[in-house]
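The values are calculated or read from the model by the stated rules, or taken from the named source; none is laboratory data. This one's a predicted model, so the numbers in the text were calculated from it and none came from an experiment. Cβ placement follows ideal geometry from the backbone for every residue including glycine, while neighbour counts extend to all protein chains displayed.
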């Protein structure tokens with residue numbers, strides 16, 4: 001295995017980008033060695049890439065269940081632990097408990113969604129990373145990890161599909 | 001968004017889905033209307049970022065005036081804390097006065113943000129794009145103001161932590177049977193949800209601002225962008241999270257004002273003890289919130305020169321939604337009234353008498369005028385698309401809705417089932433100052449937000465630009481949206 005390098009090229013058009021990525025696949029560049037960065041969300045698979053499985057729904061459901069149990073504990077459990085005895089027993093009523101359980105379920109679901117998406121994205125992450133500031137100005141960046149021997153071929157492919165700023169990628173502070 | 005532009009030529013034309021062959025003038029007209037004009041992405045970035053740093057002398061004058069009002073309000077609050085709650089006008093039987101009326105008003109204002117952002121996102125309505133952030137910010141700041149009032153109304157605000165459930169040596173525990181506890185938890189939940197929703201959708205724009213700014217702004221945006229690069233995985237996960245948020249936050253926003261209404265409805269106070277109170281409060285909240293949003297957008301468009309983004313088509317659509325919400329409010333109001341009137345309960349009739357021809361009549365008729373008149377005027381497109389008219393009616397609606405809250409809280413509390421216990425209420429300078437503080441505080445937070453954070457969701461606008469093409473059907477050019485969300 002030879003030494004690998006990171007090569008980045010910028011594109012104006014999504015079609016050119018997708019075509020260039022197809023050519024890279026034909027060169028047997030594995031999908032996980034290609035990273036596309038855009039300033040706009042393109043539809044899934046528009047750039048010829050696979051759809052990624054996510055744990056988000058599971059995280060959200062676990063959060064919701066936690067909130068539900070917390071709500072049950074507060075609305076039903078704590079009146080038993082700290083009883084305000086009325087008629088010989090603590091006050092535990094259905095409709096108010098339903099309100100509390102609902103709100104706590106929702107609160108935990110919201111917080112778990114937020115924390116879940118940050119965790120899935122690996123945020124916050126401030127270390128230096130491969131990036132180009134023109135991405136947020138409308139350019140599509142294709143980052144390829146390849147062998148040194150493949151650099152010229154990849155350069156040619158990118159150029160043939162109207163790529164520009166094709167050069168070794170630089171890590172920058174984000 | 002879906003209006004067609006007639007083609008100049010006559011005779012049938014084949015259906016096309018590309019814009020290339022269209023006359024340049026028509027193409028330009030279409031593009032101008034749908035924000036598809038020849039603006040490059042970096043030009044859009046600049047058009048959003050540039051007004052953020054434009055602060056003339058008037059800006060600072062406004063900030064100074066608002067800050068002074070806030071300072072005065074804080075003094076009034078301190079005065080109340082020092083001398084006790086007796087300095088406020090509340091008394092027996094009007095235990096809830098200006099504070100709680102304003103609290104309901106602010107919770108109501110907060111509803112439009114979620115309505116616009118979450119509901120319209122789920123339905124993939126495109127005109128939401130330029131206004132979602134402004135709406136979400138309005139929700140967050142309105143809730144902050146609303147959240148102050150339970151603290152202010154506690155009197156002994158330093159005892160607030162007694163409402164937090166944790167084992168303690170006071171042998172006391174919050175009573176979760178109390179609607180006031182529901183209130184605290186629901187508002188806290190909504191504030192957390194709205195703030196996280198606002199922030200999550202802002203992350204890509206924080207990265208855009210990070211890439212285009214220097215000095216303190218760069219440091220701030222870098223911190224808030226969390227390392228965003230715009231990879232496919234990041235976009236995909238962000239979309240998924242926003243969709244989940246949109247679905248979760250709708251029942252939360254419905255529950256918050258329902259719970260606030262139950263503060264009233266679960267009591268045996270005449271005119272409050274009603275099953276219709278929750279939906280009536282919710283629709284009123286949406287009505288006032290949307291109107292407030294319309295007013296704010298007109299002012300921001302004018303103040304920040306955002307005419308490129310906040311266009312007549314957005315005001316037109318927003319005006320229609322305000323009008324529909326107004327009709328809904330009117331329906332619920334009448335549905336409540338007719339049942340009360342047929343019930344013929346003496347104390348309820350006394351309250352109705354007070355409103356229609358008694359001491360509350362001036363407020364009641366002012367409220368009805370402010371709430372009903374705009375509904376009819378907003379039926380006209382000319383009104384909806386003339387900013388100054390829309391602003392006028394939006395302000396009218398909010399005056400009307402504020403008075404409505406005053407009538408519900410203060411008006412109805414003056415009469416009850418024990419005639420010897422009837423009374424009246426006048427707010428003191430302390431209450432008026434504190435209420436004014438929240439209006440100034442909201443405005444101040446909003447103005448500062450609009451100068452520190454990108455007011456227009458840039459990435460959502462760019463995504464919207466991706467969706468549209470022009471399709472020629474017969475002699476018309478029809479804007480056509482692609483299913484990419």
Conditions (1) farther than 30 Å from residue B:317 by Cβ; (2) in a helix (DSSP H, G or I); (3) at pLDDT below 90; number of the one not met by residue B:61: (3)
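Select, from A:17, A:105, the only residue that is in contact with a strand residue (DSSP E or B) (Cβ under 6 Å, 6 or more places away or on another chain), assigned to a helix (DSSP H, G or I) and more than 7 Å from every other protein chain (Cβ to nearest Cβ).
Working: A:105 fails: in contact with a strand residue (DSSP E or B) (Cβ under 6 Å, 6 or more places away or on another chain).
On inspection, the qualifying residue turns out to be A:17.
Okay, residues lined up against (1) on the phi > 0 side of the Ramachandran plot; (2) touching a residue at least 40 places away in the same chain (Cβ under 8 Å); (3) part of a helix (DSSP H, G or I):
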residue: B:284; (1), (2), (3): no, yes, yes
residue: B:291; (1), (2), (3): no, yes, yes
residue: B:298; (1), (2), (3): no, yes, yes
residue: B:308; (1), (2), (3): no, yes, no
residue: B:319; (1), (2), (3): no, yes, yes
residue: B:326; (1), (2), (3): no, yes, yes
residue: B:330; (1), (2), (3): no, yes, yes
residue: B:333; (1), (2), (3): no, yes, yes
residue: B:338; (1), (2), (3): no, no, yes
Meets criteria (surrounded by fewer than 24 Cβ atoms within 10 Å (Cβ to Cβ) and outside any helix (DSSP H, G or I)) for residue B:251: no
Members of region A:77-88 that are at the interface with chain B (Cβ under 9 Å from one of its Cβ atoms), surrounded by 13 or more Cβ atoms within 10 Å (Cβ to Cβ) and out of contact with any strand residue (DSSP E or B) (no Cβ under 7 Å at 6 or more places or on another chain): A:78, A:82
Inter-residue pairs, beta-carbon under 6 Å, first under 19 Å from residue B:166 (Cα atoms) and in region A:72-93, second in a strand (DSSP E or B), 6+ apart: A:79/A:90; A:80/A:90; A:83/A:90
Filtered residue count, region B:208-227, keeping only those that are more than 9 Å from chain A (Cβ to nearest Cβ) and more than 28 Å from residue B:116 (Cβ to Cβ): 5
The listed residue being closer than 30 Å to residue A:71 by Cβ and more than 8 Å from every other protein chain (Cβ to nearest Cβ), out of B:183, B:205: B:183
